[in-house]
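Chemist: Quick one: structure below, then a few questions.
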């Protein structure tokens, strides 16, 4: 059986299981992808991802399939161009496998806010897979694809990677092109990678990274190759920030991170306590800045330019805008647009938006101090405060949902690279540890993660 | 600051967003809770002179804002509700006058 047909069987089985991780795929497209890769190979192209199926979060545009962002307001939309990351994956020989479900416009931490239904956790269907890139994470964790692209604005790859027991890597802001990633929070958005293993994630990241003339915020800087898994980490200093280990941290999560720390020590790394004093302000800062940027970015969905259109009762242009947007956006997106509009409105801008930008600077400065000469090379923290929570548990309290991102949002605000690595199971649920690196330190971070992965071996209970 | 029904409806108008009447009370409570939560930023000692964050790593140098020539495989007529002679068609401005 061809690779494309085998992949189609896995996708069919995943859909039949009720996982609800895909929004679009077809066997016809998979066979076309396979033929395209064969033609590239026949022409002698170098194909570092030859035949590797990669799923895409459905906020990454492709010309040959719809891009919905899991929103009714974009239902049926087909992009007139491909995202840069898609072009690069295809040139490297990858097969674009499927468009994956997500929280609408990437706004959520549980993939319960999709207009097309929630995504199930791949091993515990009563739980959430995390979000917003929950469909991509579930497809990798369920063994349908070895890798997938998601996007991060405030932890939307690391958090679901932790919940699903896979690897999730967020690169430095500017390392990977955002051209063709539907904008949510433009100063925060990063295309990011899921992999079953550190090596798979590293392979995909090495292909999609690098400058792009179509994204002025990409950095013209060589992509460091990821070296072999080091046998010793002697000389490496790893910081354990006190603020990431609160007294009420889930004991299973704590045990998992302790296991990773022990592995690092056994490999020769030195673990030292550090402090990132503004960590506690990261979530409120994020929930001012990200909704403000979202309110601006999502103004373009107005009933004039994309398929969805509702003519309001007055039949004029303002009624068109209000009716289309009111009917097209789901509850969480509406809530964030309203919060974003509020914090940007006259009389509140300085109190909320400008203040949050100042605090963002303080949060970034915490990391700069930790990574300064004489400081640490990497940070080790839990990725999430608990394993995957139950579906519906936090949907009525938005702040409780936002706090699921408490250990991942500071890194996003600072624009740094970070990753989640599976470190064990707590009562059967995966838990992840987070490594954080200085800007453009992805290669070293991935090498160290590879060493921890090799040392820990197969997943096991840690409590 | 406490958020009330009028504030939520005012912000919805600014955002060009119809809010179903049945959802207003829930939004008042949820947005009030969010605004109350983010107001803790007041406690951070960052005076008026503190520098706001500049997005992106230091090495980011913005290029000239010159429109590129990205090849499109289909035109806007393929996804716009109404498109004619190079223009997106919308209803009359009507009641916008005077707003």
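The values are calculated or read from the model by the stated rules, or taken from the named source; none is laboratory data. These numbers were taken from a predicted model, which means no experiment stands behind them. All Cβ positions, even for glycine, are placed from backbone atoms using ideal geometry, and neighbour counts span all protein chains on display.
Chemist: Please return the ranges of strands (runs of 3 or more DSSP E) entirely within region A:166-280 where 3 or more residues are within 16 Å of the chain's Cα centre (by Cα). Quick ask: steps written out before the conclusion?
Modeler: Details: elements: A:167-170, A:190-195, A:237-241, A:270-274.
Strands (runs of 3 or more DSSP E) meeting the threshold: A:167-170, A:190-195.
Chemist: Return the total of residues in region A:278-301 being without any contact (Cβ under 8 Å) to a residue 60 or more places away in the chain and more than 7 Å from chain B (Cβ to nearest Cβ).
Modeler: Of region A:278-301, the ones without any contact (Cβ under 8 Å) to a residue 60 or more places away in the chain are A:280, A:291, A:295-296, A:299-300.
Next, only the ones that are more than 7 Å from chain B (Cβ to nearest Cβ) stay: A:280, A:291, A:296, A:299-300.
Adding up the residues that qualify gives 5.
Chemist: Do we have residue A:136 as crowded, with 24+ Cβ neighbours inside 10 Å and part of a loop (DSSP other than H, G, I, E, B) here?
Modeler: Values: crowded, with 24+ Cβ neighbours inside 10 Å: yes; part of a loop (DSSP other than H, G, I, E, B): no.
Criteria not met by residue A:136.
Chemist: Might you let me know whether region A:171-190 holds any residue that is more than 30 Å from residue B:71 (Cα to Cα), at pLDDT 95 or above, surrounded by 24 or more Cβ atoms within 10 Å (Cβ to Cβ) and touching a strand residue (DSSP E or B) at 6+ places or on another chain (Cβ under 7 Å)?
Modeler: Going residue by residue through region A:171-190, those that are more than 30 Å from residue B:71 (Cα to Cα) are none.
For region A:171-190, residues more than 30 Å from residue B:71 (Cα to Cα), at pLDDT 95 or above, surrounded by 24 or more Cβ atoms within 10 Å (Cβ to Cβ) and touching a strand residue (DSSP E or B) at 6+ places or on another chain (Cβ under 7 Å): absent.
Chemist: Any idea which of (1) outside any loop (DSSP other than H, G, I, E, B); (2) at the interface with chain B (Cβ under 7 Å from one of its Cβ atoms); (3) farther than 23 Å from residue B:4 by Cα is the one residue A:306 doesn't satisfy?
Modeler: With respect to (1) outside any loop (DSSP other than H, G, I, E, B); (2) at the interface with chain B (Cβ under 7 Å from one of its Cβ atoms); (3) farther than 23 Å from residue B:4 by Cα, residue A:306 is out only on (1).
Chemist: Could I ask something else about it? Would you mind finding the one in A:347, A:303, A:256 that is surrounded by 24 or more Cβ atoms within 10 Å (Cβ to Cβ) and at pLDDT below 95? Break it down stepwise before answering.
Modeler: Working: A:347 fails: surrounded by 24 or more Cβ atoms within 10 Å (Cβ to Cβ); A:256 fails: at pLDDT below 95.
After applying the criteria, what remains is A:303.
Chemist: Does residue B:73 qualify as being loosely packed, with under 11 Cβ neighbours inside 10 Å and either more than 8 Å from chain A (Cβ to nearest Cβ) or at pLDDT 85 or above (or both)?
Modeler: On the way: loosely packed, with under 11 Cβ neighbours inside 10 Å: no; either more than 8 Å from chain A (Cβ to nearest Cβ) or at pLDDT 85 or above (or both): yes.
Considered against the rule, which asks whether it is loosely packed, with under 11 Cβ neighbours inside 10 Å and either more than 8 Å from chain A (Cβ to nearest Cβ) or at pLDDT 85 or above (or both), residue B:73 comes out as no.
Chemist: Considering only region A:309-326, state which residues are more than 7 Å from every other protein chain (Cβ to nearest Cβ) and at pLDDT 95 or above.
Modeler: A:324
Chemist: To continue, here is another question. Just the residues that are more than 24 Å from residue A:45 (Cβ to Cβ) and either assigned to a helix (DSSP H, G or I) or within 14 Å of the chain's Cα centre (by Cα) (or both), please, taken from region A:78-109. Walk me through how you get there before you give the answer.
Modeler: To start, the set of residues in region A:78-109 that are more than 24 Å from residue A:45 (Cβ to Cβ) comprises A:78-80, A:99-109.
Of everything in region A:78-109, those that are more than 24 Å from residue A:45 (Cβ to Cβ) and either assigned to a helix (DSSP H, G or I) or within 14 Å of the chain's Cα centre (by Cα) (or both) turn out to be A:100, A:101, A:102, A:103, A:104, A:105, A:106, A:107, A:108, A:109.
Chemist: Okay, moving on. With A:331, A:346 as the choices, which residue is more than 7 Å from chain B (Cβ to nearest Cβ) and free of Cβ contacts under 8 Å to residues at least 12 places away in the same chain? Before you say what the answer is, go through the steps one by one.
Modeler: On the way: A:331 fails: free of Cβ contacts under 8 Å to residues at least 12 places away in the same chain.
Just one listed residue meets the conditions, A:346.
Chemist: Another question about this same structure. Looking at the structure I just gave you, is residue A:268 surrounded by fewer than 19 Cβ atoms within 10 Å (Cβ to Cβ) and at pLDDT below 95? Please lay out each step first, then the result.
Modeler: Details: surrounded by fewer than 19 Cβ atoms within 10 Å (Cβ to Cβ): yes; at pLDDT below 95: no.
So residue A:268 does not fit the description; no.
Chemist: Taking residue A:296 and the conditions (1) in a loop (DSSP other than H, G, I, E, B); (2) at pLDDT 95 or above, which numbered condition does it fall short on, given that it satisfies the others?
Modeler: It fails just one condition, (1).
Chemist: Take residue B:25 and tell me if it is surrounded by fewer than 18 Cβ atoms within 10 Å (Cβ to Cβ) and not in a helix (DSSP H, G or I).
Modeler: Criteria not met by residue B:25.
One line per residue, one yes/no per condition, for (1) closer than 30 Å to residue A:112 by Cα; (2) surrounded by fewer than 16 Cβ atoms within 10 Å (Cβ to Cβ):
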{"site": "A:6", "(1), (2)": "yes, yes"}
{"site": "A:16", "(1), (2)": "yes, yes"}
{"site": "A:30", "(1), (2)": "yes, no"}
{"site": "A:34", "(1), (2)": "no, no"}
{"site": "A:45", "(1), (2)": "no, yes"}
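Chemist: Quick check: anything in region A:10-30 assigned to a loop (DSSP other than H, G, I, E, B), at pLDDT below 95 and touching a helix residue (DSSP H, G or I) at 6+ places or on another chain (Cβ under 9 Å)?
Modeler: Within region A:10-30, not a single residue is assigned to a loop (DSSP other than H, G, I, E, B), at pLDDT below 95 and touching a helix residue (DSSP H, G or I) at 6+ places or on another chain (Cβ under 9 Å).
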